[in-house]
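**Student:** Okay, handing you the structure first.
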Amino acid sequence: MSVDQGPARSASPGETPAERADRNFVELLQGFRVAVTGVQVLFAFLLTVPFAPGFAKVAAADRTLFYVALTSAAFASMFFIAPVAQHRILFRQGLKEPLVQRANLYGMIGTLALAISMNAATLMVIDYLFAGPLPIITAVATTGLATWLWFIEPIVLRAKNA
């Protein structure tokens, strides 16, 4: 999936393909800054959790949720940081457009990994604090909201705009 499907929709007048790729890359990185901050705070918090005194009391199912939250936060960080690292290696090689397309894909994968991490961490904490159906209800609600806001709503808008 590329960043922009139609040249007329997003190209500025007189903008060359190289200028467009530069602009698209900058726009992607601006968006990543928001996500990276969130995932790094979550990841840092998750890295400290096993060292807390109460972690020994965490049930096996919650440890599995912790594993999912921690590893998906790590994956999200890697996918959000990868375009910057690749840009450094590919600098001045004339490969900006493939880098932009790859960065867009990595951003979507990173966003999915972040949603998984946030929902697993939330479920783990709610499950630790409350018995009964509340943890599952909360997990369904947060997963549904993230899915709607981050994926379905923009896909619907994209389809209407096609």
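**Student:** Dipole of the chain, Cα-centred, from +1 at each Lys and Arg C-beta and -1 at each Asp and Glu C-beta, to the nearest 20 debye? Show your work: numbers first, answer last.
**Tutor:** Details: 12 positive and 9 negative charges, 40 e Å.
Its charge dipole is roughly 200 debye.
**Student:** Still on this structure, I have one more. If eta is 0.890 mPa s and T is 25 °C, what Stokes-Einstein diffusion coefficient results for the range 48-162, Kirkwood Rh from Cα pairs, in µm²/s? Write out the running numbers ahead of the final one.
**Tutor:** Numbers: Rh = 16.3 Å.
So the translational diffusion coefficient is about 150 µm²/s.
**Student:** Taking a label point 7 Å from the Cα of VAL34 along the Cα→Cβ vector, which residues of the range 123-162 have an amide N closer than 11 Å to it?
**Tutor:** Taking a point 7 Å out along Cα→Cβ of VAL34, the residues of the range 123-162 whose backbone N falls under 11 Å are 150.
**Student:** Show MET78, MET108 ordered by accessible area, largest first, where the area counts protein heavy atoms only and the probe is 1.4 Å.
**Tutor:** Numbers: MET78 115, MET108 70 Å².
So the residues, ranked largest to smallest area, are MET78, MET108.
**Student:** Relative to the first principal axis of the alpha-carbon coordinates of the chain, what is the inclination of helix 17-48, with its axis defined by its Cα atoms, in degrees from 0 to 90 and to the nearest 10?
**Tutor:** 10
**Student:** Oh, and also: In Å², what does the accessible area per residue of the range 25-95 work out to with a 1.4 Å probe?
**Tutor:** 63
**Student:** Quick check: at a probe of 1.4 Å, how many percent of the accessible area of the range 52-162 sits on carbon and sulfur atoms? Kindly include the intermediate steps, with their values, before the conclusion.
**Tutor:** Values: 4990 of 6780 Å².
The C+S portion of the solvent-accessible surface of the range 52-162 is 74 percent.
**Student:** Hey, if we sort ARG158, ARG88 by accessible area with the 1.4 Å probe, largest down, what's the order? Don't skip to the end; give the middle numbers.
**Tutor:** Numbers: ARG158 105, ARG88 145 Å².
So, going from the largest accessible area down, we get ARG88, ARG158.
**Student:** With a 1.4 Å probe and all protein chains kept in place, how much accessible area does ILE89 have, in Å² rounded to the nearest 10?
**Tutor:** Probe radius 1.4 Å; accessible area of ILE89 about 130 Å².
**Student:** Let me ask you something else. Could you grab the relative contact order for the chain? Cα pairs under 8 Å, six or more apart, rounded to a whole percent. Before the final figure, lay out the partial values.
**Tutor:** On the way: 123 pairs, mean separation 44.8, N = 162.
Relative contact order comes out at 28 percent.
The values are calculated or read from the model by the stated rules, or taken from the named source; none is laboratory data. In this text, all values refer to a predicted model and were calculated from it rather than measured experimentally. As a convention, Cβ positions derive from the backbone with ideal geometry for all residues, glycine included, and neighbour counts pool all protein chains shown. For accessibility, only protein heavy atoms count, side chains too; no ligands or nucleic acids. Shrake-Rupley method; radii C 1.70, N 1.55, O 1.52, S 1.80 Å.
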